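Peer 1: I have a structure I would like to understand better, so I am pasting it below and will then ask my questions one at a time.
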Number of protein chains: 2
Amino acid sequence: MDGRNLIGFNYSAMAEEFMQAFSPALQRTIDGQFHVATPAEVDQALELATTAFVTYRQKSGADRARFLRAIAEHILKLGDDLIARAMKESGLPEKRLIGERGRTVNQLRLFADLIEEGSWVDARIDRAQPDRQPVPKSDIRRMLRPLGPVVVFTASNFPLAFSTAGGDTASALAAGCPVVIKAHESHLGTNALVALAIHNAALETGMPDGVFSSLNGSGPELGQQLVRHPAVKAIAFTGSLAAGKAIYAAAAQRLEPIPVFAEMGSVNPVFLLPEALHKRGVAIATQYAGSVTLGVGQFCTNPGLLIGIEGPDLDAFSAQLAEEMAKIPPATMLNEKVCEHFRTNKDRLLEQSGVSLLSEAPAESDKLSGEATVASVSGTDFLANAQLSEEVFGPLTLLVRCRDRVEFETIAQRMPGQLTATIMGETAELTHYDTMIEQLQQSVGRLIFNGVPTGVEVCAAMQHGGPFPATTDARFTSVGTDAIRRFARPVAFQDMPETLLPLELKNDNPLGIWRLLDGELTKP
Amino acid sequence: MDGRNLIGFNYSAMAEEFMQAFSPALQRTIDGQFHVATPAEVDQALELATTAFVTYRQKSGADRARFLRAIAEHILKLGDDLIARAMKESGLPEKRLIGERGRTVNQLRLFADLIEEGSWVDARIDRAQPDRQPVPKSDIRRMLRPLGPVVVFTASNFPLAFSTAGGDTASALAAGCPVVIKAHESHLGTNALVALAIHNAALETGMPDGVFSSLNGSGPELGQQLVRHPAVKAIAFTGSLAAGKAIYAAAAQRLEPIPVFAEMGSVNPVFLLPEALHKRGVAIATQYAGSVTLGVGQFCTNPGLLIGIEGPDLDAFSAQLAEEMAKIPPATMLNEKVCEHFRTNKDRLLEQSGVSLLSEAPAESDKLSGEATVASVSGTDFLANAQLSEEVFGPLTLLVRCRDRVEFETIAQRMPGQLTATIMGETAELTHYDTMIEQLQQSVGRLIFNGVPTGVEVCAAMQHGGPFPATTDARFTSVGTDAIRRFARPVAFQDMPETLLPLELKNDNPLGIWRLLDGELTKP
């Protein structure tokens, strides 16, 4: 584990300034000192990335796929050391981190399969019509090409799957973009280990120097330098609304606008329909006690808002939920800041007018732990106070008790942008709520029926992204194969001689990919 | 022709303030007074658009297609009146405007075909795997859904095809988004006529009140109000770099970030390779004299920069170009501002160090006309002065004479973002310039071989859009069927009961569209 910055194929430590690794479980600094990147090192990393881009963008999909698969192999080769380090730095349990490593490796392989197959470039060919009247038609062919160097801000809550070699890095590298990592302060050692794996994979598969760099530093300093650097062509970020907005604002001051994919806060509202509450309220309460507290509630898809209509069924649900939540033992949170914010935001929520505490697991104030908490509020008070729909990142949920169906549907209608919304309903009653269900689509990226929002499947149909403030660009997903589209743009070639055409666009389709040929999707 | 603002299905004139139509050929105001929209009218239009969106987004592709086709019909029904009015207001000749009307109508029908067929929604289905270990896989389905109300700034240089019912409006309406038009000051009457056609088509095909509105006012006032209005979900603009940057900056100050598709300036460089110059320099010069002066040079794809390597072939090309350009009679420009800017920018260009005038058609300083102008400069002077690669909107081109191939390729390498670049080269020599050709792709949206950049084919493979400063978002096109993607975002449905699923995602694929089913593209 090297504490220096990785700049292309070389380690660099220009500054004397260090950051120290910290264990939230032990509440003390642990081994490992990490050199803060200087502005000169930032420039170096981006200059190398720009140079590397020239070679890297011309690598075939098959070559880039080999690189991604090699990264997966080298991550696995790190073995228990990686899991042990990630446990120390994140406070997350072994089983979860082994699962997360699996997800990370699978994502890399999924993108490798995608680019090896090749149809993702959305190839389109409109052939010439030299005899067309009144003017001949030229031959026009188009495909997606990579944008250029991408900066990835790693996430505190997924030290592996949304970090150094996580979904953002995998999709950017798959698209053909070099990546510069802004390492997260709370898992610097984990980052260094995974960065080394990527470094080794790049060397092994003959990728250019600068295709990957990893820098240490703080968000306000290093982060801002990276966002404003003219060589950067896109930014991916997963984290808080405040940090996401700061990145977006800094990017807006650039001379050249670039895409900013910030995945930020979400309360992921859950709408409990009456029949479902009546028939299986107790089971739903138990299911949700688990979802709210999964990973100490530190998921962007954590269900922070449960909404139902007053009555005995909601009372029974509420009682069961409170009982289940009270049973859940407190667990270590990701870092000091996350824990401190959880406590502050929880206290602020509980102080709001009309909010009452339903249950709270026993506190461990001497530890960096998050206690499972459930509070409740009336629909009227909820609608009157926008603060109540703000995210409290941690194992907390707010039960909103609506006076009637009108209030229930009004809440759905006014919901600010979310990653997800969930509807718990019996099949027969769902059709009576079709207007509400249609309206909810406007506020979310993913609409879930009779499930929990936690657990984001990595697949072609996934949409992980929603209207602001959930993300800064609802038109793209950060999970699933379509995440690659964030880092590419179409380029058209008009009357380009066959010999010069990229393989994807040659007449005989040597890569055998799907193409839109004169308006028809075809494959050889 | 009604001079009031069209707000949904009603005309409104709250303000006493008028704008007056103006004829650039006659150089005087003409009939038609147009009420400036007040802030209250802006609010009304956006409130109606927001309400209309609820109904409009739920219309089928077939219903929206009927609306688009009816718009085309009603535009044609306006007959000669529309052409006569557009001629008066734009100074463009009859033949060009008849052609532009054809393009407008064809675009509407092209998008109608696209949404009637339906595969544009990029439907993806990943079916459930209830037995998967360690956790079951949910059923996840995804498709594109419309963003919401879109503001379209109409373009001065295409009073029909990039204006009221132009490509931006057609693609936004096709996607399912209501449109609010900011009418262009220089063709207010043309706008009013086309707005009426859209109004009639909306009534005839049962579209909701507010699906379309058209407002009169200035860019700095009305434009800024529209960009900052919280109900607006996307902006499309075609015009100058200065205006595009102002819109982008205003949008960046919004609480909610929204997509801004500004298509701005471009000099569309043309690289003249030695063999092509040698074999057919004279023919190329003639071809380019035509392209530079087509439509008085008032195209975003106008070739403003011709680049070659010093020598007798370039001398011959230069002489022929100068001769051809001198023959072209001056013609009326679009409006006073365009003419004034052309003269100012031309004079400023000619004052730059090393720039010399090669030929200028006879001036008509008493008219609002643009004189065909060609100037030349050395490659060294060009590389030393960034101003020389700025657009001069009008019938002007600058011939850059490079010392050698190195200088020639350096210019290609340093080219700022462009809509297009063109390479004039013999097939044999093109392979010797493969590095340059690959590099040029990084700066452009479309790379043309042995043609002219003017003339943008409306088809599936077209990419009209390029890196900044050509546009603010190179990932999207404003011409061709893919322009619809600007106004949509994916929404995923997890375990949604079959009865509730949109038609596009139902099991038996009732619309018969292409879908990505468990990773395989299929169609029934």
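Peer 1: Just one of the numbered conditions (1) away from chain B (no Cβ under 14 Å); (2) over 23 Å from the mean Cα position of the chain (by Cα); (3) surrounded by 20 or more Cβ atoms within 10 Å (Cβ to Cβ) is not true of A:Val151; which one?
Peer 2: (2)
Residues checked against (1) touching a Leu at 6+ places or on another chain (Cβ under 6 Å); (2) surrounded by fewer than 19 Cβ atoms within 10 Å (Cβ to Cβ):
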{"residue": "B:Gln439", "(1), (2)": "no, yes"}
{"residue": "B:Val456", "(1), (2)": "no, no"}
{"residue": "B:Gly466", "(1), (2)": "yes, no"}
{"residue": "B:Asp473", "(1), (2)": "no, no"}
{"residue": "B:Gln494", "(1), (2)": "no, no"}
{"residue": "B:Leu501", "(1), (2)": "no, yes"}
{"residue": "B:Asp508", "(1), (2)": "no, yes"}
{"residue": "B:Asp518", "(1), (2)": "no, yes"}
{"residue": "B:Thr522", "(1), (2)": "no, yes"}
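Peer 1: Is there any pair linking a residue in the range B:501-524 that is over 21 Å from A:Ile448 (Cα atoms) to one that is of a type in the set (Lys, Arg) and at pLDDT below 95, with Cβ under 6 Å and at least six apart or on different chains, and which?
Peer 2: B:Trp514/B:Lys523
Peer 1: Could I ask something else about it? In the range A:501-515, which residue that is assigned to a helix (DSSP H, G or I) and closer than 11 Å to A:Ile125 by Cα is nearest to the other protein chains (Cβ to nearest Cβ)?
Peer 2: A:Leu505
Peer 1: If you take just the strands (runs of 3 or more DSSP E) that sit entirely in the range A:1-113, which of them hold at least 2 residues that are surrounded by fewer than 20 Cβ atoms within 10 Å (Cβ to Cβ)?
Peer 2: Numbers: elements: A:5-7, A:10-12, A:18-23, A:28-35.
Strands (runs of 3 or more DSSP E) meeting the threshold: A:10-12, A:18-23, A:28-35.
Rundown of residues vs (1) more than 30 Å from the chain's Cα centre (by Cα); (2) of a type outside the set (Ser, Thr, Tyr), yes/no style:
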residue	(1), (2)
B:Glu336	no, yes
B:Arg343	no, yes
B:Thr373	no, no
B:Thr380	yes, no
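Peer 1: Another question about this same structure. Say we look at the range A:135-148 and pick out the residues that are assigned to a strand (DSSP E or B) and more than 7 Å from every other protein chain (Cβ to nearest Cβ); which of these is surrounded by the fewest Cβ atoms within 10 Å (Cβ to Cβ)?
Peer 2: Residues of the range A:135-148 assigned to a strand (DSSP E or B): A:137, A:140-146.
Filter again for more than 7 Å from every other protein chain (Cβ to nearest Cβ), leaving A:143-144, A:146.
On the way: A:Met143: 25, A:Leu144: 20, A:Pro146: 24.
Restricting to residues being assigned to a strand (DSSP E or B) and more than 7 Å from every other protein chain (Cβ to nearest Cβ), the top hit is A:Leu144.
Peer 1: For the range B:114-134, how many residues are among the polar types (S, T, N, Q) and surrounded by fewer than 16 Cβ atoms within 10 Å (Cβ to Cβ)?
Peer 2: Filtering the range B:114-134 down to residues among the polar types (S, T, N, Q) leaves B:119, B:129, B:133.
If we keep only those that are surrounded by fewer than 16 Cβ atoms within 10 Å (Cβ to Cβ) as well, we get B:129, B:133.
Qualifying residue count, the range B:114-134: 2.
Peer 1: Here's a follow-up. Is it the case, given these coordinates, that B:Asp495 is in contact (Cβ under 8 Å) with a residue 60 or more places away in the chain, more than 29 Å from B:Ala234 (Cα to Cα) and at the interface with chain A (Cβ under 8 Å from one of its Cβ atoms)?
Peer 2: Details: in contact (Cβ under 8 Å) with a residue 60 or more places away in the chain: yes; more than 29 Å from B:Ala234 (Cα to Cα): yes; at the interface with chain A (Cβ under 8 Å from one of its Cβ atoms): yes.
Yes: the conditions hold for B:Asp495.
Peer 1: Moving on. Can you list the helices (runs of 4 or more DSSP H) lying wholly within the range B:223-339 that have 3 or more residues being more than 14 Å from chain A (Cβ to nearest Cβ) and not small (Gly, Ala, Ser)?
Peer 2: B:224-228, B:274-293, B:312-327
Peer 1: Is it the case that the range B:258-265 has a residue that's among the β-branched types (Val, Ile, Thr) and more than 19 Å from B:Arg446 (Cβ to Cβ)?
Peer 2: Filtering the range B:258-265 for residues among the β-branched types (Val, Ile, Thr) gives B:258, B:260.
Add one more test, that the residue is more than 19 Å from B:Arg446 (Cβ to Cβ), and what stays is B:258, B:260.
Yes, there is a match, as at least one residue in the range B:258-265 is among the β-branched types (Val, Ile, Thr) and more than 19 Å from B:Arg446 (Cβ to Cβ).
Peer 1: Quick one: is A:Asp2 within 30 Å of A:Gly370 (Cβ to Cβ) and among the acidic types (Asp, Glu)?
Peer 2: Numbers: within 30 Å of A:Gly370 (Cβ to Cβ): no; among the acidic types (Asp, Glu): yes.
No, not satisfied.
Peer 1: Quick one: which residue in A:Gly189, A:Gly217, A:Gly210 is within 22 Å of the chain's Cα centre (by Cα), part of a loop (DSSP other than H, G, I, E, B) and more than 14 Å from chain B (Cβ to nearest Cβ)?
Peer 2: Values: A:Gly189 fails: part of a loop (DSSP other than H, G, I, E, B); A:Gly210 fails: within 22 Å of the chain's Cα centre (by Cα).
When all the criteria are applied, what remains is A:Gly217.
Peer 1: Looking at B:Ala461, B:Ala474, which one is within 12 Å of another protein chain (Cβ to nearest Cβ), without any contact (Cβ under 8 Å) to a residue 40 or more places away in the chain and small (Gly, Ala, Ser)?
Peer 2: On the way: B:Ala474 fails: without any contact (Cβ under 8 Å) to a residue 40 or more places away in the chain.
The match here is B:Ala461.
Peer 1: Going by the conditions given, is B:Val400 outside any loop (DSSP other than H, G, I, E, B), crowded, with 23+ Cβ neighbours inside 10 Å and more than 11 Å from chain A (Cβ to nearest Cβ)?
Peer 2: Judged against the criteria, B:Val400 is a match.
Peer 1: Within the group B:Ala123, B:Ala70, B:Ala86, which residue is within 30 Å of B:Leu511 (Cβ to Cβ), more than 10 Å from chain A (Cβ to nearest Cβ) and touching a helix residue (DSSP H, G or I) at 6+ places or on another chain (Cβ under 6 Å)? Let's see the steps before the verdict.
Peer 2: Values: B:Ala123 fails: more than 10 Å from chain A (Cβ to nearest Cβ); B:Ala86 fails: within 30 Å of B:Leu511 (Cβ to Cβ).
Just a single option satisfies the conditions, and that option is B:Ala70.
Peer 1: Further question on the same structure: The conditions are (1) part of a strand (DSSP E or B); (2) in contact with a His (Cβ under 7 Å, 6 or more places away or on another chain), and B:Arg124 fails exactly one of them. Which is it?
Peer 2: Every condition holds for B:Arg124 apart from (2).
Peer 1: Within the range A:297-305, does at least one residue satisfy the condition of being farther than 28 Å from A:Thr435 by Cα, among the polar types (S, T, N, Q) and buried (at least 18 other Cβ atoms within 10 Å of the Cβ)? Step through it out loud before you land on a result.
Peer 2: Filtering the range A:297-305 for residues farther than 28 Å from A:Thr435 by Cα gives A:297-299.
Remaining after also requiring among the polar types (S, T, N, Q): A:298.
Now restrict to residues that are buried (at least 18 other Cβ atoms within 10 Å of the Cβ): A:298.
Among the residues of the range A:297-305, at least one is farther than 28 Å from A:Thr435 by Cα, among the polar types (S, T, N, Q) and buried (at least 18 other Cβ atoms within 10 Å of the Cβ), which makes the answer yes.
Peer 1: Just one of B:Gly445, B:Gly519, B:Gly455 is closer than 28 Å to B:Asp313 by Cβ and of a type outside the set (Asp, Glu); which is it? Can you show your working first?
Peer 2: On the way: B:Gly445 fails: closer than 28 Å to B:Asp313 by Cβ; B:Gly519 fails: closer than 28 Å to B:Asp313 by Cβ.
None of the other options fit; the residue is B:Gly455.
Peer 1: Inspect all residues belonging to the range A:362-373 and state whether any of them is in contact with a helix residue (DSSP H, G or I) (Cβ under 7 Å, 6 or more places away or on another chain) and assigned to a loop (DSSP other than H, G, I, E, B).
Peer 2: Yes, the range A:362-373 contains a residue that is in contact with a helix residue (DSSP H, G or I) (Cβ under 7 Å, 6 or more places away or on another chain) and assigned to a loop (DSSP other than H, G, I, E, B).
Peer 1: Restricting attention to the range A:353-374, and to residues there that are of a type in the set (Ser, Thr, Tyr) and closer than 13 Å to A:Pro395 by Cβ, which single residue is surrounded by the most Cβ atoms within 10 Å (Cβ to Cβ)? Before the answer, list the steps.
Peer 2: We begin by selecting, within the range A:353-374, every residue of a type in the set (Ser, Thr, Tyr); these are A:353, A:356, A:359, A:365, A:369, A:373.
Next, only the ones that are closer than 13 Å to A:Pro395 by Cβ stay: A:359, A:369, A:373.
On the way: A:Ser359: 21, A:Ser369: 24, A:Thr373: 27.
Only one residue fits best here, namely A:Thr373.
Peer 1: Yes or no: A:Phe317 touching a residue at least 40 places away in the same chain (Cβ under 8 Å), aromatic (Phe, Trp, Tyr) and touching a Lys or Arg at 6+ places or on another chain (Cβ under 9 Å)? Steps first, answer last, please.
Peer 2: Details: touching a residue at least 40 places away in the same chain (Cβ under 8 Å): yes; aromatic (Phe, Trp, Tyr): yes; touching a Lys or Arg at 6+ places or on another chain (Cβ under 9 Å): no.
No: the conditions fail for A:Phe317.
The values are calculated or read from the model by the stated rules, or taken from the named source; none is laboratory data. Only a predicted model underlies this, so the values are computations on that prediction, with no experimental measurement involved. Cβ sites come from the backbone with ideal geometry, for glycine too, and all protein chains shown count toward neighbours.
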